[in-house]
1. Taking the Cα-to-Cβ direction at residue 105 and at residue 84 and moving 7 Å from each Cα, how far apart do the two end points lie in nm?
2. Measuring from label point to label point, each 7 Å out along Cα→Cβ, what is the residue 57 to residue 44 span in nm?
3. Work out how much length residue 17 to residue 66 would gain on full extension: take 0.36 nm times their residue separation and subtract the Cα-Cα distance, in nm to one decimal.
4. Please identify every one of the trypsin sites (Lys or Arg not before Pro) in region 56-115 that sits in a loop by DSSP and has no more than 13 other beta carbons within 10 Å of its own beta carbon.
5. For the chain, what log10 I(q)/I(0) values come out of the Debye formula at q = 0.11, 0.14, 0.22 1/Å, with one point per alpha carbon and no solvent?
6. Only Cα pairs under 8 Å and at least 6 apart count here; give the relative contact order of the chain as a rounded whole percent.
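Bear in mind that the values in this text are calculations on the coordinates, not laboratory data. Remember, it's a predicted structure, so these values are computed and weren't measured experimentally. Every residue, glycine among them, receives a Cβ derived from its backbone with ideal geometry; neighbour counts consider all protein chains shown.
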Amino acid sequence: QVQLVESGGGLVQAGGSLRLSCATSGSTFSIDTMGWYRQAPGKQRELAATISAVGGANYSDSVKGRFAASRPNRLKNIVYLQMNNLEPSDTAVYYCYAKSTELYWGQGTQVTVSA
């Protein structure tokens, strides 16, 4: 079992920045890919960023160039999402995930971007 806890969400004005963190515990040795999904009100959950065990990251078109995922300490399996130049359309609950033999999710953290 793997447990994930996100932090760092909040309210920010358009153009501002936030950094989300996702800390893991439990059977973290088996984690491969980690990343972030987001779900806006009334919409399906969508992938925002994914980062491999060796640090290679991919982004959705909607966040590319503004968001950056990082995984600075592979052994600790902590992942960050630096979000810059935020837009009201980025308002969503952001969920961290970790993939090993199963897919694990955090509880989500709210990000609200005001115009």
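1. It is 3.1 nm.
2. Modelled inter-label distance: 2.5 nm.
3. Net length gain for the segment: 16.7 nm.
4. 64, 74, 76
5. Per q value, in the given order, log10 I(q)/I(0) is -0.31, -0.50, -1.20.
6. Once normalised by length, the contact order is 37 percent.
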